[in-house]
Every structure is written in C-alpha cells, then in structure tokens.
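Participant: Would you mind keeping the following structure in view while I ask a few things?
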Ligand SMILES: Cc1cc2nc3c(=O)[nH]c(=O)nc-3n(C[C@H](O)[C@H](O)[C@H](O)COP(=O)(O)OP(=O)(O)OC[C@H]3O[C@@H](n4cnc5c(N)ncnc54)[C@H](O)[C@@H]3O)c2cc1C
C-alpha cells in the first residue's frame, strides 16, 4: 500500500514526484514515458530560468533532478483503470495492480487523429504526430503539416530547417497560433499556407506519396512524403470513469487541484485548467503532491 501513486511522468508528474520525495512520502510513479509532451516541443522560450531550451534538454534536466532522490518509477506501463473503494485507490496497469491512499493524475494529453482514409494505414510510414521525434526523417522532402494553432506552427518552424517544402493545411480562415511564431512561418519561402483547406485522404503505396485536399471550390492532390498531424490534443482521462469531467474529458479541479473524489488530485494538461503550459503543469504537480501530503496528515489526526 502506497501513500501516493502518481500517474504520468511529464512536467506535472515529475514535479509532483520531486515534491513527494522531499516530503518523504512512500510513493510510486507509473508512466508510459518520461517527459510527456515536453519532450516533443522544439524550442521552449517560456520556462522561467531558461531563456531558451529545447524540449529534449529540458526533459534531460528534469530527469537529472529526479535522480537526486530515490524514486520508485515504472516506465513503459499504461494505467488502464483507476477506482476508489473503501477509502483506497486501486490502480490497474497493463502489468499489475497497485493500491494507494491518494493519487495524483498527471496523464496529460495525446494527439487528436484526423480520422481520414489512409491515416491509420500510413501511421509511422509517413504519417506522424511529433515533429521533434520524426522531423529528421524528412530531410529535403516535401511534407504537409495539418493544423493552424501553436502545435502546428511549432512543428512547421522545426521542419523549416529540415524539409525542402512545407504545405501548412489549415481548415480555418486564418492561423490561430501566437503572433511571434506566425511571423517566423510567414517569413519562410519554404512554407505555403493553405487556409480554408481540408485534408480528405492520405495516399500512398508502402509509404505516403500524397494527400488529397479540398477547398470550397476545388479538390486536388499534392505530392508529399510526410504528413504531420497537429490538430489538437485529447485528455488521457478515459481510464477513470467516476470523477467529474468537462465536456471534452478534462478532469475538473478546484484551485487546490482537488478533483470531485477526495484524495484524488489532478495536475497539468489533463485538467480543465485552461492554460496548457509546462510551467503551469509543473506548478500544478507541486500543488498536488503537497495537497496529498496534507490530506494524509489530516486523516491521521
Ligand atoms: C509540439 C508542442 C510544443 C509545445 N511547446 C511548449 C512550449 O514551448 N512551452 C510550454 O510551456 N509548453 C509547450 N507545450 C505544452 C506542454 O508540453 C504541456 O503543457 C505539458 O507537457 C503538459 O504537461 P503534463 O505533465 O500535464 O502532461 P504531458 O506532458 O502530456 O505528460 C503526460 C504523461 O502521462 C503519461 N501517460 C499518459 N497516459 C497514461 C496512462 N494511461 N498510463 C500511464 N502514463 C500515462 C505520458 O506518457 C506522459 O509521461 C508544447 C506542447 C506540444 C505538443
């Protein structure tokens, strides 16, 4: 029986772990990976203390920090179910079940699929959801980035240094990303911005060879070797049913990061906190671990 189980090891889960370790809690971290989405971001320019750091370097710094403490962390495990019964949480993964008095959910978000023909067939054969991870595979190639927000433009700026030509396929009338990153993209003559345009299919044989796009007036095929899907994110919250969520599956929290279930705290992108940022996820993680510590102390009195 653990005092605390932390689900996820992105910025929120890692920071919760550091705080729990400093309170000498008996805790376990269960995560599919270390770093979460922070590892996917190219250039990070808004994490206090670093004017500029890459996502992979920031995650390496997080890992270094974790190593200062003895932390029981199981990587490459997926939490499949989480329930509370008789004041005890049971957390079931693809490998085993664990019990704890409190839980911090820091399971973040994952990429939303396009749901067009060819997407599933060509996943990892030209279709990708992570420019940082897979961008280098497309050196000097022609690629499409689908989306118009910060993630899509972040991917595009990374690809400017790698790919030969980039089509930015945006369903909306204009881009919605931050002005600074829009400026960078608009300055590049490698990027063609196609607003008001939908992708209707991904084509290929063994690998991606093209995409079908349509506007209000026409439908045509573009030859591309890569498709970067950057149309938004879905909260990783399906494995818990009984907690209150908002309409898009984000877990509702109060200003102490408490959820509708006592002893269950949630941090970062999986919550309904509107700002999805590394520093906010990290701050939430700290609040959750301290909240869980306080909750256990209150129970003991
Ligand atoms: C391309 C891109 C660029 C970005 N750039 C910036 C930036 O410049 N600055 C900034 O502040 N923010 C940026 N962000 C946002 C930032 O990365 C997120 O807000 C932050 O990572 C959220 O942290 P988190 O810990 O809440 O969730 P995540 O980072 O999503 O981490 C979730 C963790 O939970 C694990 N997990 C998920 N489901 C399960 C499960 N069922 N069982 C076990 N483990 C699970 C995952 O493996 C992961 O370790 C960017 C995001 C993207 C995608």
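All of the numbers you see were taken from the coordinates with simple rules; none came from a lab. Since the model is a prediction, treat every value here as computed from it, not as a measurement. All Cβ positions, glycine included, derive from the backbone under ideal geometry; neighbour counts span all protein chains shown.
Participant: Taking neighbour Cβ counts within 10 Å as the exposure measure, how do 202, 248 sort from fewest upward?
Facilitator: Least to most surrounded, the residues fall as 248, 202.
Participant: Tell me, what is the percent relative contact order of the stretch 127-229, built from C-alpha pairs under 8 Å that lie six or more residues apart?
Facilitator: Contact order relative to length: 32 percent.
Participant: Take the Cβ-Cβ distance between residue 209 and residue 248 as r, set R0 to 22 Å, and report the resulting FRET efficiency rounded to the nearest 0.05.
Facilitator: 0.05
Participant: If I model a spin label at residue 43 and residue 174 as a point 7 Å from the Cα along the Cα→Cβ vector, what separation in nanometres do I get?
Facilitator: The answer from the label model is 2.3 nm.
Participant: Arrange 299, 252 by Cβ neighbour counts within 10 Å, fewest through most, would you?
Facilitator: Listed from fewest to most nearby Cβ atoms, that is 299, 252.
Participant: Could you work out how far apart the two model spin labels at residue 23 and residue 85 are, taking each label as a point 7 Å from the Cα in the direction of the beta carbon, and quote it in nm?
Facilitator: Calculated label separation equals 2.7 nm.
Participant: Does a label point 7 Å from the Cα of residue 294, set along Cα-to-beta-carbon, have any residues of the stretch 234-265 with amide nitrogen under 14 Å, and which are they?
Facilitator: Residues 254-259, 263-265 qualify, since their backbone N sits under 14 Å from the label point.
Participant: Relative to the longest principal axis of the chain, what angle (0 to 90°, nearest 10) does the C-alpha long axis of helix 11-22 take?
Facilitator: So the helix axis and the longest Cα principal axis differ by about 20 degrees.
Participant: Need the full-extension length gain, residue 195 to residue 124, defined as separation in residues times 0.36 nm minus the C-alpha distance. One decimal, nm.
Facilitator: 23.0 nm
Participant: Rank-order 260-269, 277-286, 203-212 by packing density, defined as the average count of other C-beta atoms within 10 Å over each peptide's residues, highest first.
Facilitator: Answer by packing, highest mean first, reads 260-269, 277-286, 203-212.
Participant: Let me ask you something else. Starting from 0.36 nm per residue, how many nanometres of slack lie between residue 110 and residue 74 once their C-alpha separation is accounted for?
Facilitator: This chain segment gains 11.0 nm when fully extended.
Participant: Using a Gaussian network model of the chain with C-alpha springs under 10 Å, which one of 181, 227, 79 is most mobile by mean-square fluctuation?
Facilitator: Comparing 181, 227, 79 in the GNM, the peak value goes to 181.
Participant: Just rank 97, 217, 188, fewest to most, by other beta-carbon atoms within 10 angstrom.
Facilitator: By the 10 Å Cβ count, ascending, the order reads 217, 97, 188.
Participant: Here's another thing I want to ask about it. In nanometres, what is the gap between the two model label sites at residue 220 and residue 94, each 7 Å from Cα along Cα-to-Cβ?
Facilitator: Each label point lies 7 Å from its Cα, and together they span 4.3 nm.
Participant: Right, here's the next one. Just order 84-90, 229-235 by mean Cβ neighbour count inside 10 Å, highest at the front, would you?
Facilitator: 229-235, 84-90
Participant: While we're looking at this one, here's another question. Sort 173-179, 270-276 by the packing proxy (mean of other Cβ within 10 Å over each peptide's residues), most packed first.
Facilitator: 270-276, 173-179
Participant: Something else now. Can you tell me, using C-alpha contacts under 8 Å and at least 6 residues apart, the relative contact order of the chain as a whole percent?
Facilitator: 21
Participant: A follow-up question, please. Defining a contact as two alpha carbons under 8 Å apart and six or more residues distant in sequence, what relative contact order in percent does the stretch 153-286 show?
Facilitator: Once normalised by length, the contact order is 13 percent.
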